[in-house]
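S.K.: Below is one structure. I have some questions about it.
The values are calculated or read from the model by the stated rules, or taken from the named source; none is laboratory data. These figures come from a predicted structure and were not determined experimentally. Here the Cβ is made from the backbone with ideal geometry for all residues, glycine too, and neighbour counts use every protein chain on show. Remember, those area values only see protein heavy atoms, side chains included, never the ligands or the DNA or RNA. Shrake-Rupley method; radii C 1.70, N 1.55, O 1.52, S 1.80 Å.
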2 protein chains.
Amino acid sequence: MTKHIPSRLYLSEEELPKYWYNLRAFMKNKPAPMLHPGTLKPATAADLDAVFCKECIKQELDETTEFIPIPDGILEFYRAYRPAPLIRAYFLEKALDTPAEIYYKHEGTNTSGSHKLNSAAAQTFYAKQAGLTGLTTETGAGQWGSAMAMACAYYGLDLTVYMVKISAEQKPYRKALIETYGATLIPSPSNTTEAGKKILKKIPGTNGSLGCAISEAIEKAVTTPQCRYVLGSVLNHVLLHQSIIGVECKIAFDKYGVKPDIIIGCAGGGSNLGGLIAPFMGEKLQGKSDVKIIAVEPASCPSFTRGKFAYDFGDTAQTTPLIKMYTMGSGYIPPANHAGGLRYHGMNSTLSQLYHDKFIEARTAVQTEVFDAAIKFAKIEGILPAPESSHAIKVAIDEALECKRTGEKKTIFFGLTGTGYFDMSAYMQYNAKTMSDHIPTDEELENGFASLPKV
Amino acid sequence: MTKHIPSRLYLSEEELPKYWYNLRAFMKNKPAPMLHPGTLKPATAADLDAVFCKECIKQELDETTEFIPIPDGILEFYRAYRPAPLIRAYFLEKALDTPAEIYYKHEGTNTSGSHKLNSAAAQTFYAKQAGLTGLTTETGAGQWGSAMAMACAYYGLDLTVYMVKISAEQKPYRKALIETYGATLIPSPSNTTEAGKKILKKIPGTNGSLGCAISEAIEKAVTTPQCRYVLGSVLNHVLLHQSIIGVECKIAFDKYGVKPDIIIGCAGGGSNLGGLIAPFMGEKLQGKSDVKIIAVEPASCPSFTRGKFAYDFGDTAQTTPLIKMYTMGSGYIPPANHAGGLRYHGMNSTLSQLYHDKFIEARTAVQTEVFDAAIKFAKIEGILPAPESSHAIKVAIDEALECKRTGEKKTIFFGLTGTGYFDMSAYMQYNAKTMSDHIPTDEELENGFASLPKV
């Protein structure tokens with residue numbers, strides 16, 4: 001017998017998870033190791049030491065510890081905004097007239113407006129603990145930069161954020177938010193780094209890309225004393241921190257006797273998807289569940305569906321270790337009309353392996369369809385979603401309508417990664433009907449693939 | 001014995017209040033009646049019929065029913081975003097090193113970003129129930145317009161919003177949000193109404209004012225079939241709807257054995273303050289509590305502290321019934337450097353009477369001090385507050401520091417009316433140090449008072 005499900009499936013403070021879920025520990029086929037770009041041998045902790053904090057490196061390389069305790073100093077921060085609401089979408093179900101039950105995890109109730117704060121808190125805490133005084137990072141759509149600015153304000157570290165130039169222009173208020181929290185913001189590419197100068201020379205007037213901003217932030221970190229670099233997605237320790245999303249949901253679902261049939265997450269570098277699905281995928285890998293997992297990516301940056309499964313650099317300047325992943329090539333830059341985040345050229349290695357082994361399905365969505373779904377959702381559920389999250393909304397609606405067609409009463413669960421309050425320029429484009437779609441041509445893809453290293 | 005207090009004092013869905021608290025029923029000195037501006041006799045339901053919905057008029061005139069049931073159709077909407085979190089400010093207490101306990105009610109977790117949705121939902125529901133097809137309203141800072149746009153999208157009514165011109169310019173994304181939810185937005189003053197044309201002729205290039213936008217919205221409503229006007233503050237039925245804020249808090253506090261010593265609310269037209277304090281003031285009026293209640297208003301629009309307690313019009317065009325209130329005069333326009341909301345010339349009649357009878361204290365704050373407090377709060381508690389709410393934060397911090405000085409362990413409770421995500425232009429001004437304070441001169445006040453009607 002199932003209990004009555006309230007609109008919001010809250011956990012009490014005592015029920016908050018005290019551990020992260022290390023999905024790799026449950027995988028038979030582990031993700032391929034990172035390689036040192038010079039020697040092409042698996043990267044060691046020492047190789048990563050100049051760039052990242054020790055504790056994050058340890059987590060990055062840990063493929064066996066199933067449950068990793070969350071330190072008290074991070075739990076304290078989490079309690080400021082977690083648990084995030086898990087919501088039964090009664091309004092949406094009614095509006096779609098579907099027999100499906102729909103749930104979503106709302107990670108946008110904190111000021112940074114997305115799930116990114118989960119890893120920002122962790123990485124900043126570890127940096128503080130290690131005695132560092134500063135951090136650098138990049139931000140695309142701006143959620144990660146905002147999250148890092150909040151975390152650094154809280155833990156008391158300096159922060160320099162390289163923000164993809166077009167995003168800084170399209171989102172002046174996102175920039176202002178980051179600066180209000182005390183961070184230094186530099187539109188990228190900039191002339192503050194060699195990597196930036198090089199790109200500016202090669203492509204004058206470029207809009208920038210996440211890969212390029214990463215190059216600049218890394219360079220700044222390794223040339224500044226007591227400073228390290230933090231990344232908001234792609235890496236396995238980031239996905240580890242994000243597993244708090246999935247674990248909270250799992251606890252709440254178990255409490256109410258709910259078992260999702262389909263889990264849907266948007267996917268850029270993979271931090272939301274990896275965190276959302278972690279404990280559910282763990283069960284699936286152990287044969288305890290046959291939940292269907294769907295990654296949704298923008299048609300304009302389709303690493304799963306049209307990328308190559310290959311070793312590639314994490315950044316445009318090709319300075320990072322090589323990661324085996326689904327990738328468009330580090331030289332790939334999404335079309336200029338692409339409005340939201342999810343513009344990273346590659347995909348986390350764990351998710352890439354799982355996709356390769358057919359534990360994950362992937363779909364693409366074009367952005368006008370995504371905004372159609374976003375506005376429908378906003379009006380029905382009362383939350384204006386981030387463009388990124390709206391990729392998941394689009395497919396959740398598709399699946400719910402498919403249930404209506406077949407009469408099946410499936411349980412659909414998706415990740416609402418954040419709110420769209422700092423994405424109004426994109427909504428304005430949509431409202432003014434000046435938003436367009438761009439599905440990359442094969443030739444555009446080949447241009448990206450041409451940047452792949454020969455390994 | 002007090003229980004352990006969690007960071008968030010949630011109510012379950014079953015604990016959600018099912019009634020509004022009609023504060024006037026507990027007052028010995030009732031607020032003075034509204035007067036018909038022509039006859040100067042108390043306004044009757046028939047007098048108000050052309051402008052407002054019947055049910056709202058009934059509530060506006062009801063001074064005796066203590067508890068008014070909330071219809072199911074409104075409760076359903078409330079469940080989409082309520083209960084709003086009641087938060088123990090552990091981080092702030094620690095940062096201030098105060099013996100005081102600090103709590104705040106966070107009304108900004110819904111997309112409109114403030115408490116205004118509580119009355120928007122109610123007024124729109126009643127309009128729908130009455131068979132109307134459209135509504136008009138005004139908005140200053142934009143929260144009310146956003147709330148109405150959300151409510152009208154949900155209940156399926158047309159909405160025209162007159163937005164104070166300077167706000168529409170300073171907050172393009174607020175405008176975009178309102179339009180995204182499907183409302184028609186017109187910067188005020190406009191040439192779509194006689195009232196607007198008149199003001200434009202009198203003061204060409206004016207920034208607009210709330211009083212003027214109200215005149216336009218009323219004119220539009222009374223000249224459109226099946227259309228009525230809704231107001232987001234000032235009136236008693238609006239405060240009634242907002243009592244959901246205070247009632248939720250009272251239930252949660254009682255559950256945990258907490259009794260506030262001081263309650264602090266920002267005050268513009270009074271909707272937040274009136275809602276926040278309703279059940280607590282009710283107890284105070286019955287001699288069951290000696291809680292101190294502090295209204296905080298901007299120094300640039302100080303109706304309580306420097307206004308006159310007199311009959312005045314609610315709008316600039318002087319078309320509304322006369323309301324006995326603390327007022328700057330309907331001709332008063334706050335200085336152009338005033339960045340936030342709280343720019344209405346008068347104050348709700350119930351709160352005015354209570355202030356007159358010394359049940360409420362009032363303080364002013366200048367805006368740079370308010371933003372100092374806002375940014376301190378944002379960094380410490382992790383929520384970027386609305387400029388309006390930050391007036392309450394400023395005084396809550398003052399009171400907590402006073403406790404530190406005296407060693408008293410008081411319980412301080414304030415209303416966080418909303419978030420500042422659509423107020424980044426004001427934060428940018430503050431960050432760029434271009435924000436200034438303006439305390440009106442006596443002459444400026446006299447100019448406002450000159451517009452008061454001779455009653």
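S.K.: Let me see the P(r) profile for the range A:274-402: every Cα-Cα distance counted, bins of 5 Å, each bin given as a percent of all pairs.
M.R.: Computed distribution, short to long bins: 2, 10, 18, 19, 19, 16, 10, 5, 1, 0.
S.K.: Further, regarding this structure: Which far-off residues, 5 or more places away or on another chain, put their amide H under 5 Å from the one on A:Ile102, with H placed in the peptide plane?
M.R.: A:Ala89, A:Ile412
S.K.: How high is the FRET efficiency between B:Ala50 and B:Val455 when r is their beta carbon distance and R₀ equals 22 Å, given to the nearest 0.05? Display every interim value, and only then the final one.
M.R.: Numbers: r = 22 Å, r/R0 = 1.01.
It comes out at approximately 0.50.
S.K.: Right, next: Limiting things to C-alpha atoms, what are the Rg and the maximum Cα-Cα separation (Dmax) for the range A:230-347, in angstroms?
M.R.: That works out to 15.5, 49 Å for Rg and Dmax.
S.K.: Moving on to the next point. Return one quarter of the surface area of the convex hull spanned by the alpha-carbon atoms of the range B:38-103, equal to its mean projected area, in nm².
M.R.: Result: a mean projected hull area of 9.1 nm².
S.K.: So, one more: Counting every Cα pair in the range B:171-246, what percent are over 21 Å apart?
M.R.: Distances greater than 21 Å cover 42 percent of the Cα pairs.
S.K.: As a test question: what accessible area, to the nearest 10 Å², does B:Asp442 have when a 1.4 Å probe is rolled over all protein chains in place?
M.R.: 110 Å²
S.K.: Follow-up. With both bridge residues required to lie in chain B, what share of the DSSP beta bridges run antiparallel, to the nearest 5%?
M.R.: Within chain B, antiparallel bridges account for around 35 percent of the total.
S.K.: For the rotation that superimposes chain A on chain B, which residue of A has the C-beta lying nearest to the axis, and at what distance in Å?
M.R.: Here the nearest residue and distance are A:Tyr421, 2.
S.K.: Could you give the size of the charge dipole of the protein assembly as shown about its Cα centre, using +1 on the Cβ of each K and R and -1 on the Cβ of each D and E, expressed in debye and rounded to the nearest 20?
M.R.: Computed about the Cα centre, the dipole is about 140 debye.
S.K.: Measure out, as a whole number of angstrom, how far apart the alpha-carbon centroids of the range A:1-51 and the range B:110-170 sit.
M.R.: First find each Cα centre; the distance between them is then 43 Å.
S.K.: Give me the number: length gained by fully extending B:Lys18 to B:Lys202, i.e. 0.36 nm times residue separation minus the C-alpha to C-alpha distance, one decimal in nm. Before the final figure, lay out the partial values.
M.R.: Details: separation 184, 0.36 × 184 = 66.24 nm, distance 4.77 nm.
Result for the pair: 61.5 nm of gain on full extension.
S.K.: With both bridge residues required to lie in the range A:227-370, what share of the DSSP beta bridges run antiparallel, to the nearest 5%?
M.R.: 40 percent
S.K.: So, one more: Find how many whole Å separate the alpha carbon centroid of the range B:382-455 from the alpha carbon centroid of the range B:207-283.
M.R.: Their Cα centres are 18 Å away from one another.
S.K.: If we restrict to alpha carbons, what Rg and Dmax does the range B:1-144 come to, in Å?
M.R.: 19.4, 59
S.K.: Counting only other chains, what is the mean number of Cβ atoms within 10 angstrom of the Cβ of each residue in peptide B:177-186?
M.R.: 3
S.K.: Still on this structure, please answer the following. For A:Met347, what residues show an amide H to amide H distance below 5 Å, using hydrogens built from the backbone and excluding near sequence neighbours?
M.R.: Counting only residues 5 or more places away or on other chains, the set is A:Tyr326.
S.K.: Where Rh denotes the Kirkwood radius from the mean inverse Cα pair distance, what is Rg over Rh for the range A:83-147?
M.R.: 1.20
S.K.: Report, ordered by chain and residue number, the lysines lying within cross-link reach of B:Lys201, taken as a straight Cα distance under 22 Å and ignoring same-chain residues fewer than 8 apart.
M.R.: B:Lys165, B:Lys220
S.K.: If you restrict to DSSP beta bridges whose two residues both lie in the protein assembly as shown, what percentage is antiparallel, to the nearest 5?
M.R.: Looking only at bridges with both residues in the protein assembly as shown, the antiparallel portion is about 35 percent.
S.K.: Taking B:Ala336 in one copy and the same position in all the others, each labelled 7 Å out along Cα→Cβ, what are the pairwise distances from the first, in nm, shortest first?
M.R.: Label-point separations across copies, in nm and ascending: 3.6.
S.K.: Suppose we take every Cα in the range A:71-186 and form the convex hull; what volume per residue is that in Å³?
M.R.: Dividing the Cα hull volume of the range A:71-186 by its residues yields 116 Å³.
S.K.: Let me know the shape class of the range B:336-455, please: from the alpha-carbon gyration tensor, a ≥ b ≥ c as square roots of the eigenvalues, rounded when a/c is under 1.5, otherwise prolate if a/b is greater than b/c, or oblate.
M.R.: Working: a/c = 2.00, a/b = 1.22, b/c = 1.64.
Because a/c hits 1.5 or more and a/b fails to exceed b/c, the range B:336-455 counts as oblate.
S.K.: Further, regarding this structure: Give me the net charge of A:Val370's neighbourhood, meaning all other residues with Cβ under 13 Å from the Cβ of A:Val370; Lys, Arg count +1, Asp, Glu -1. Don't jump to the answer; show the numbers that get you there.
M.R.: Numbers: positive: A:Arg363, A:Lys376, A:Lys394; negative: A:Glu297, A:Glu369, A:Asp372, A:Glu388, A:Asp398, A:Asp423, A:Asp437.
For residues surrounding A:Val370, the net value is -4.
S.K.: Would you kindly calculate the mean projected area, averaged across all directions, of the convex hull enclosing the Cα atoms of the range B:1-70, in square nanometres? Before the final figure, lay out each step's value.
M.R.: Values: hull surface 33.5 nm².
Value for the range B:1-70: 8.4 nm².
S.K.: Using only alpha-carbon positions, what ratio does the radius of gyration of the range B:130-201 give when scaled by 2.2 N^0.38 Å?
M.R.: Details: Rg = 12.1 Å, N = 72, 2.2 N^0.38 = 11.2 Å.
Rg over 2.2 N^0.38 Å, computed on Cα atoms: 1.09.
S.K.: Right, another one. What nm distances, shortest first, do you get from the label point of A:Thr368 to those in the other copies when the point sits 7 angstrom along Cα to Cβ?
M.R.: Going from nearest to farthest copy, the values are 5.0 nm.
S.K.: Kindly report, to the nearest 10 Å², the accessible surface of B:Glu381 as traced by a 1.4 Å probe over protein heavy atoms only.
M.R.: Surface open to solvent at B:Glu381 totals about 10 Å².
S.K.: Considering only protein heavy atoms, what is the solvent-accessible area of B:Lys171 at a probe of 1.4 Å, reported in Å² to the nearest 10?
M.R.: Roughly 10 Å² of B:Lys171 is accessible to a 1.4 Å probe.
S.K.: Given the pairs B:Lys116/B:Lys259; A:Lys94/A:Lys376; A:Lys116/A:Lys175; A:Lys94/A:Lys410; B:Lys171/B:Lys376; B:Lys54/B:Lys197, which are separated by over 18 angstrom at their Cα positions?
M.R.: Correct reply: B:Lys116/B:Lys259; B:Lys171/B:Lys376; B:Lys54/B:Lys197.
S.K.: In the protein assembly as shown, what is the volume of the convex hull around the alpha carbon atoms, normalised per residue and reported in Å³?
M.R.: Given the Cα convex hull of the protein assembly as shown, per-residue volume reads 162 Å³.
S.K.: When 1/r is averaged over all different Cα pairs and the result inverted, which Kirkwood radius in Å belongs to chain B?
M.R.: After inverting the pairwise mean of 1/r, the radius is 21.7 Å.
S.K.: Something else about it: Two decimals, Cα atoms only, Kirkwood Rh: what is Rg/Rh over the range A:401-445?
M.R.: Details: Rg = 17.2 Å, Rh = 14.7 Å.
Ratio of gyration radius to Kirkwood radius: 1.17.
S.K.: How long are the semi-axes of the ellipsoid equivalent to the range B:136-266, from square roots of 5 times the Cα gyration tensor eigenvalues, in whole Å, largest first?
M.R.: Details: eigenvalues 205, 57, 41 Å².
That gives 32, 17, 14 Å for the three semi-axes.
S.K.: Under a 1.4 angstrom probe, counting protein chains only, how are A:Lys250, B:Lys409 ranked by accessible area, largest first?
M.R.: Listed by decreasing accessible area, they come as B:Lys409, A:Lys250.
S.K.: Sticking with this one: Explain nothing, just the number: dipole magnitude of the range A:17-111 about its Cα centre with +1 on each Lys and Arg Cβ and -1 on each Asp and Glu Cβ, in debye rounded to the nearest 20. Before the final figure, lay out the partial values.
M.R.: Values: 12 positive and 13 negative charges, 23 e Å.
For this selection, approximately 120 debye.
S.K.: Continuing with the same structure: Given N residues in the range B:378-423, what is its alpha carbon radius of gyration divided by 2.2 N^0.38 Å?
M.R.: Cα-based Rg divided by the globular estimate yields 1.27.
S.K.: I've got another one for you. Distances from B:Asn447 to the same position in the other copies: list them in nm, one decimal, shortest first, using label points 7 Å from Cα along Cα→Cβ.
M.R.: Result, one decimal in nm: 5.8.
S.K.: Over 5 Å intervals from 0, what percent of Cα-Cα pairs in the range B:207-292 sits in each interval?
M.R.: P(r) over the range B:207-292, rounded to whole percents: 3, 13, 18, 19, 14, 10, 8, 7, 6, 3, 0.
S.K.: With labels modelled as points extended 7 Å from the Cα through the Cβ direction, what inter-label distance (nm, one decimal) is found for A:Glu194 paired with B:Asp437?
M.R.: With each label point 7 Å from Cα toward Cβ, the separation is 5.1 nm.
S.K.: Can you give the mean number of other chain Cβ atoms that lie within 10 Å of the Cβ atoms in peptide B:101-113?
M.R.: Average per residue, whole number: 2.
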